[in-house]
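Report on one structure; see the data block that follows.
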């Protein structure tokens with residue numbers, strides 16, 4: 001498990017540990033000062049001797065390799081700009097399940113629909129659902145209702161609670 005602290009803090013700790021190894025004290029005592037196991041001190045010392053200070057430098061954890069290359073992600077973005085009916089689906093709505101199926105068809109890579117959402121977010125694509133409005137919708141009547149009728153229907157705090165303040 002990675003200890004707490006930024007990469008720079010952990011690197012400084014490794015450099016300090018290698019420097020204090022020259023002190024004539026037991027390894028266990030020195031390890032306690034730095035906050036690591038004594039075997040770790042040996043490892044850091046060996047790394048510094050073989051690779052110099054570069055071997056003690058902080059490195060970012062690369063994580064797993066993406067299953068879709070940058071070129072494939074660009075192609076996926078192009079495909080998602082098309083209407084889903086062009087890809088054979090009955091409606092014009094991209095769902096995570098449909099995108100996962102599209103990725104499998106086009107690139108041979110399987111993604112769980114839950115992960116597809118994360119993938120799309122990393123590509124700066126947002127999940128959108130078309131809003132459905134009735135054709136007969138009367139915007140003027142709705143605005144009038146919101147302005148005059150809704151405030152009369154809305155719950156108000158009780159009179160006894162209005163005077164209280166915490």
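The values are calculated or read from the model by the stated rules, or taken from the named source; none is laboratory data. Bear in mind the structure is a predicted one, so any value in this text is a computation, not a measurement. Counting neighbours? That spans all protein chains shown, and the Cβs are built from the backbone with ideal geometry, glycine included.
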Within 33 Å of the chain's Cα centre (by Cα) and modelled with pLDDT of 85 or more: does that describe residue 31?
-> no
Condition met for residue 100 (out of contact with any strand residue (DSSP E or B) (no Cβ under 7 Å at 6 or more places or on another chain), assigned to a helix (DSSP H, G or I) and surrounded by 10 or more Cβ atoms within 10 Å (Cβ to Cβ)) = yes
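Okay, residues lined up against (1) farther than 30 Å from residue 16 by Cβ; (2) modelled with pLDDT of 90 or more:
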position: 36; (1), (2): no, no
position: 54; (1), (2): no, no
position: 59; (1), (2): no, no
position: 81; (1), (2): yes, yes
position: 96; (1), (2): yes, yes
position: 115; (1), (2): yes, yes
position: 131; (1), (2): yes, no
Does residue 75 satisfy the criteria of being farther than 30 Å from residue 9 by Cβ, in a loop (DSSP other than H, G, I, E, B), outside the structural domain of residue 12 (by TED's automatic domain parsing) and at pLDDT 90 or above?
-> no
Please work out if residue 48 is surrounded by 12 or more Cβ atoms within 10 Å (Cβ to Cβ) and within 23 Å of the chain's Cα centre (by Cα).
-> no
Do we find that residue 8 is more than 23 Å from residue 122 (Cβ to Cβ), without any contact (Cβ under 8 Å) to a residue 60 or more places away in the chain, surrounded by fewer than 16 Cβ atoms within 10 Å (Cβ to Cβ) and out of contact with any helix residue (DSSP H, G or I) (no Cβ under 6 Å at 6 or more places or on another chain) in this structure?
-> yes
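For (1) out of contact with any helix residue (DSSP H, G or I) (no Cβ under 9 Å at 6 or more places or on another chain); (2) farther than 30 Å from residue 3 by Cα; (3) buried (at least 16 other Cβ atoms within 10 Å of the Cβ); (4) without any contact (Cβ under 8 Å) to a residue 60 or more places away in the chain, each residue gets a yes or a no:
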site	(1), (2), (3), (4)
28	no, no, no, yes
85	yes, yes, no, yes
96	no, yes, yes, yes
113	no, yes, no, yes
The one condition in (1) free of Cβ contacts under 8 Å to residues at least 24 places away in the same chain; (2) exposed (fewer than 15 other Cβ atoms within 10 Å of the Cβ); (3) assigned to a helix (DSSP H, G or I) that residue 53 fails to fulfil = (1)
